[in-house]
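Just so it is clear, none of the values below were taken in a lab; they were calculated from the coordinates. None of the values given here were measured: they were computed from a predicted structure. We place every Cβ from the backbone using ideal geometry, glycine too, and count neighbours over all the protein chains shown.
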Amino acid sequence: MDEGTCISTTPEIRVLLVDDHERDLRNLSRLLSSWNYSVETAFDGEEACQKLADYPADIMLTDLVMPRIDGFELLRRLHAQDEGPIPIVVTAFTDMAADTTRDLGAFCYLPKPVEPKDLRELLERASAQRRSGRDGGIVLEMGDRGAVADMVGTTPEMQKIFALLNKVAPSCASVLITGESGTGKELVARAIHSLSPRRAGPFVAINCAGFPEGLVESELFGHEKGAFTGAVERRPGCLELANGGTLLLDEIGELPIQTQAKLLRVLEDSRVRRIGGKSEIQLDVRILAATNRNTEQIVRSGHFRQDLYYRLNVFHIQLPPLRERKGDLPVLCEALLASLNRKHERHVTEIHPDVLECFAQYGWPGNVRELRNVLESAVILVGEGMLTTEHLPVKFARGPCVRESSGFQEPSKPAHAKDGVVALPFGTTVEEAEKALIQFTLQHTHNNKSRAAKILGISPKTLHCKIKQYRMQSETVGA
Ligand SMILES: Nc1ncnc2c1ncn2[C@@H]1O[C@H](COP(=O)(O)OP(=O)(O)OP(=O)(O)O)[C@@H](O)[C@H]1O
Ligand SMILES: [Mg+2]
């Protein structure tokens, strides 16, 4: 990672707006300028092509139905070029737009009338993609209800996942999504749904581990009034609710073995009967399943039926843990920061490079969810401006971390520093403790060495020697 690189959410991004409705154009232009985008406008595709010759737009927002050169032709021409703006289609004809424009390389489409919140989020994601310099780094689709199922990642590991997603999503095949907790399994399931022809249908998720014994069947299959004690009214099950759409069976590894047999039968027959019901309901549901368990192992141990496993595992998407794709940290931070700023109405615009270094050193057992939580508390703490290491939880404290010319080095036993206290774990050597203490004091005195020496009770000369001895460079301790 480059020293001194900050992540900023407010660089100059150039947007070209193309629409033959003058009022829409004016309103959008005003809105985007108020969000600090540089904006140019064009009344149709022909004018857009002319403008693009002098105005290297990063993003182009275009209508589809326009005189002279329409949106489709405009997309076709841009698609044929290697470089050009990221195209986003804004249209009232979302069905037509979804299929055609994706083939023409459109990043996303946005239904008219445009919802400013959706537009802003979309522009931020497209900007993040443009700045990451790798097109295709983001899979993003606006669902018909305006929900955004998005994932970011530029590492080869995530590119492979995106390629698989794009291939698998349009079919109706079952997909088994595995990966450690917090790696984005549910996000993948939502992305599959919103990239599929079923996107207009419902997306229903059921957590198979979330019900007391016996109740999971009623949740899955539904029940009639009086079917069992407590069934005070008729309730449709998740399979029925997902009819015409997609059902995610989350934590499938926790499904009781006897329910597995019933579920398999329903899936094979494409018909379900509510508990206590007489008639069967025809089903047209795409099934996705997710688990953080080792599926092959639970099949081998007899806790999961092999036949159901084969039925669910037509395609397999295995999400890599975050520690194996740390190259995604900058884009993930940027995307999460933008969404958390919106959620909490904060304006944290930058992440200090030291934060990214700390993140790169960390193991992320809780994966992207843990990253999101860390950023969320930091965003609330900071409020606006730059997020620095001071806003990170204790586990990131960099007491004895030493930056050397070859890069960042972390000792095996990190000290924890927070609220004016430095905590040293059992097993710390005297040398490590001294290093940590000096660094901690220098941080607190904003690198004022004579003050630090006074606090430490040593002479400035001794402090100078120690800094040299421990190869602490002045920027290491600069606040
Ligand atoms: N590639 C990604 N890009 C952006 N956000 C992500 C990505 N992967 C995960 N997230 C975010 O991380 C959080 C956890 O994701 P998700 O709930 O999909 O994980 P999960 O694998 O289903 O976890 P669990 O096994 O605990 O249910 C969510 O806030 C999600 O938005
Ligand atoms: Mg989940």
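Listed by chain and number, the lysines whose alpha-carbon sits under 26 Å from that of Lys343, ignoring those within fewer than 8 places in the same chain, are Lys112, Lys117, Lys185, Lys326, Lys395.
Computed from label points 7 Å out along Cα-Cβ, the spacing between Lys225 and Glu115 is 3.6 nm.
Cross-link partners of Lys262 among lysines, defined as those whose alpha carbon lies under 21 angstrom from its own and excluding same-chain residues fewer than eight positions apart: Lys225, Lys278.
Taking a straight line from the alpha carbon of Lys468, these lysines sit under 20 Å away, with near neighbours fewer than eight places off in the same chain left out: Lys435, Lys449, Lys454. Here r is the Cβ-Cβ distance between Phe211 and Ala173 and R0 is 22 Å; the resulting FRET efficiency, rounded to 0.05, is 0.20. Skipping prolines and chain starts, which residues have an amide H placed within reach, meaning under 5 Å, of the one on Leu110, given they are 5 or more residues away or on another chain? Counting only residues 5 or more places away or on other chains, the set is Val89, Val90, Thr91. Between Lys278 and Gln361, the modelled labels are 7.1 nm apart [label points 7 Å from Cα along Cα→Cβ]. Put simply, when 34-42, 111-119 are sorted by average Cβ atoms within 10 angstrom per residue, most first, you get 34-42, 111-119.
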